[in-house]
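Asks: The following block contains the structure, expressed as structure tokens.
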Amino acid sequence: MTQITPQPGILDIALYQGGQSQLAGHAEPLKLSSNENPFGPSPRAVAAAAAEMAAIHRYPSTDHAELRQAIGKVHSVNPEQVICGVGSDEIIHFLCQAYAGPGDEVIHTEHGFAMYRISTLAAGATPVEVPERDRFVDVDAILAAVTSATRLIFIANPANPTGTLLPMEEVQRLADGTPEGCLLVLDGAYVEFAAGYDGGRTLVESRSNVVMTRTFSKLYGLGGLRVGWGYAPQHVIDVLNRIRGPFNLSNAALAGAEAALKDEGWVTECLQVNAEERARLIGGLRQLGLGCDESAANFVLARFADEQTALAADAYLKGQGIIVRHPKSYKLPHALRITVGRPEDNSRVLAALTNFKEQA
């Protein structure tokens with residue numbers, strides 16, 4: 001029997017693997033594998049989302065106007081140039097669907113987010129991977145890879161899983177070198193954790209080919225509600241809204257995200273604890289002799305001597321009921337990515353790794 005064949009590129013997609021959340025023998029493991037807010041969402045966001053459950057027979061807003069207005073006010077952007085999606089993943093997918101296809105190329109970096117490649121292949125386009133330099137996005141390598149077929153360039157800043165931050169002058173240089181017929185997409189899933197960096201907002205406002213994406217999954221702790229947004233020139237927003245499903249976000253998601261934005265006290269407290277604990281975690285890892293770059297996100301990347309040692313450390317942590325991420329699929333087999341947790345969580349991680357090193 002002849003089977004229907006999917007579009008070119010789809011069968012080349014490796015299924016996305018999320019961070020592990022369960023651990024045999026541990027009823028409530030310490031999950032530090034998905035860069036979630038260890039304090040969870042704002043109680044106001046929980047209450048707002050719960051209040052919508054009594055009216056789940058009603059369709060949600062099609063234009064997300066109230067959430068876009070709130071985003072505009074909090075992040076100083078024009079709400080007319082904002083599009084909301086099912087996580088920033090959906091915005092990434094929209095961009096590939098709208099602007100890339102067979103014969104086109106999409107650039108991403110060697111340690112870049114898996115969804116760049118997945119969404120590119122789903123659109124039938126060709127992903128082009130460029131090297132990074134010491135776990136930093138390399139602007140020269142990206143610009144050297146640009147051809148007449150390049151339609152999109154994706155970078156995450158701060159980057160995942162490395163946590164490194166490309167200085168604004170380098171982001172500016174990348175934008176300056178991006179051809180007019182190509183979109184530069186600045187994935188800002190972790191922007192809130194990078195003090196002083198606007199995620200590329202000013203570049204979006206000064207150019208016709210720069211797009212910024214953001215998410216409510218990390219700082220705001222709404223990963224389970226799946227809400228993200230993009231900020232782009234009006235001509236891009238007009239295109240993306242033509243392929244966006246009219247009811248892609250639920251009432252609960254919309255209400256929860258809006259309430260999370262407005263709870264500034266919760267946001268400030270979470271950011272302060274993350275900054276303090278991130279510095280403590282980095283310092284503790286370095287005292288153990290592990291490589292660890294400065295991170296501008298809510299996680300750190302611990303580098304071991306080799307893949308075997310990283311896997312042994314991962315296994316030891318699991319034995320202690322601690323789940324972190326081994327980013328082999330991101331071409332960092334000798335490393336472990338560790339979400340910055342609560343103070344007691346980070347103390348537990350450092351104590352476990354200290355014991356691991358002593359037993360090695």
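Values quoted throughout were computed directly from the atomic coordinates according to the rules given, and no laboratory measurement underlies them. Because the structure is a prediction, the values reported are computed rather than measured. We place every Cβ from the backbone using ideal geometry, glycine too, and count neighbours over all the protein chains shown.
Asks: For LYS331, which of the numbered conditions (1) touching a Lys or Arg at 6+ places or on another chain (Cβ under 9 Å); (2) closer than 25 Å to TYR116 by Cα; (3) touching a residue at least 60 places away in the same chain (Cβ under 8 Å) fails to hold?
Replies: Against the list (1) touching a Lys or Arg at 6+ places or on another chain (Cβ under 9 Å); (2) closer than 25 Å to TYR116 by Cα; (3) touching a residue at least 60 places away in the same chain (Cβ under 8 Å), LYS331 comes up short only on (1).
Asks: Kindly indicate whether any position in the range 198-213 is in a helix (DSSP H, G or I) and of a type in the set (A, V, I, L, M).
Replies: yes
Asks: Same structure, new question: Given VAL204, VAL210, VAL227, which one is among the hydrophobic types (A, V, I, L, M, F, W, C), in contact (Cβ under 8 Å) with a residue 24 or more places away in the chain, under 13 Å from LEU95 (Cβ atoms) and buried (at least 24 other Cβ atoms within 10 Å of the Cβ)?
Replies: VAL210
Asks: Next question, about the same structure. Mind checking whether some residue in the range 260-282 is free of Cβ contacts under 8 Å to residues at least 40 places away in the same chain and in contact with a strand residue (DSSP E or B) (Cβ under 9 Å, 6 or more places away or on another chain)?
Replies: Looking for residues that are free of Cβ contacts under 8 Å to residues at least 40 places away in the same chain and in contact with a strand residue (DSSP E or B) (Cβ under 9 Å, 6 or more places away or on another chain), one finds at least one in the range 260-282, hence yes.
Asks: Working only within the range 315-341, note down all residues that are crowded, with 19+ Cβ neighbours inside 10 Å and not in a loop (DSSP other than H, G, I, E, B).
Replies: Once the filter is applied, which keeps residues that are crowded, with 19+ Cβ neighbours inside 10 Å and not in a loop (DSSP other than H, G, I, E, B), the range 315-341 yields LEU317, ILE322, ILE323, ARG325, TYR330, ALA335, LEU336, ARG337, ILE338, THR339.
Asks: I'm trying to understand the selection: among the residues of the range 265-307, which are touching a His at 6+ places or on another chain (Cβ under 9 Å) and in a helix (DSSP H, G or I)?
Replies: Within the range 265-307, just GLU307 meets the criteria.
Asks: Quick check on my filter: what residues within the range 66-93 are within 30 Å of SER148 (Cβ to Cβ) and more than 16 Å from the chain's Cα centre (by Cα)?
Replies: Hits for the range 66-93 are GLN81, ILE83.
Asks: Of the residues in the range 297-328, how many are among the aromatic types (Phe, Trp, Tyr) and in contact (Cβ under 8 Å) with a residue 60 or more places away in the chain?
Replies: Adding up the residues that qualify gives 1.
Asks: Continuing with the same structure: Within the range 119-137, restricting attention to residues that are out of contact with any strand residue (DSSP E or B) (no Cβ under 9 Å at 6 or more places or on another chain) and over 26 Å from SER295 (Cα atoms), which residue is surrounded by the most Cβ atoms within 10 Å (Cβ to Cβ)?
Replies: ALA122
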